[in-house]
Amino acid sequence: MHDTHRQTHNDIIDLGLKEISTAEDADALVNNMRGTALIFINSACGCSGRVAQPALKMAMEHELKPDMIATVFAGVDREATARVRSYFSEIPPSSPAFALLKERHLVHMIHRSDIQASRPKDVAEMLTRAFEKYCA
């Protein structure tokens with residue numbers, strides 16, 4: 001992976017996100033979750049770095065957040081990404097994307113198409129509205 005992409009991924013992890021780098025990590029997160037979990041499917045594309053990652057940083061400042069926030073890097077941790085996506089297989093694969101799960105079930109998804117056409121502030125608002133609806 002390009003060093004710049006790895007650094008931005010590491011910056012996201014530094015926010016306190018749990019890194020999902022294996023299928024076993026994905027299983028452990030989902031099987032042991034209580035309450036809500038946001039999974040950020042990160043990618044090396046431009047809209048991830050320009051929009052999704054800054055949006056996540058903004059949303060992390062919101063007073064109400066999911067019980068667990070994790071990230072998987074699509075295109076790098078392929079097995080882990082495939083396993084994460086298997087938990088909401090009825091949704092077409094998308095990266096970057098945000099999947100909000102409640103009691104192990106997908107309740108909200110923000111797709112690449114939503115991210116590409118938006119500004120970081122807009123995506124952060126989408127996230128925080130979902131937090132307010134499902135994480136209260």
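List of remarks:
- The residues of segment 80-122 that are closer than 14 Å to Leu38 by Cα and hydrophobic (A, V, I, L, M, F, W, C), listed by number, are Val84, Phe88, Ala97, Phe98, Ala99, Leu100, Leu101, Leu106, Val107, Met109, Ile110.
- Summed over segment 111-136, the residues that are out of contact with any helix residue (DSSP H, G or I) (no Cβ under 6 Å at 6 or more places or on another chain) and of a type in the set (A, V, I, L, M, F, W, C) give a count of 6.
- Near pairs, Cβ below 9 angstrom, 6+ apart or cross-chain, from segment 94-117 (without any contact (Cβ under 8 Å) to a residue 60 or more places away in the chain and more than 17 Å from Asn42 (Cα to Cα)) to any residue that is surrounded by fewer than 16 Cβ atoms within 10 Å (Cβ to Cβ) and aliphatic (A, V, I, L, M): Leu106/Ile91
- Filter result (touching a helix residue (DSSP H, G or I) at 6+ places or on another chain (Cβ under 7 Å) and within 17 Å of Met126 (Cβ to Cβ)) within segment 88-100: Ser94, Ser95, Pro96, Ala97, Phe98, Leu100
- Residues that are in a helix (DSSP H, G or I) and loosely packed, with under 14 Cβ neighbours inside 10 Å were ranked within segment 106-121; the one that is modelled with the lowest pLDDT is Ser113.
The values are calculated or read from the model by the stated rules, or taken from the named source; none is laboratory data. In this text, all values refer to a predicted model and were calculated from it rather than measured experimentally. Positions of Cβ are generated from backbone atoms using ideal geometry, with glycine treated the same way; all protein chains shown enter the neighbour counts.
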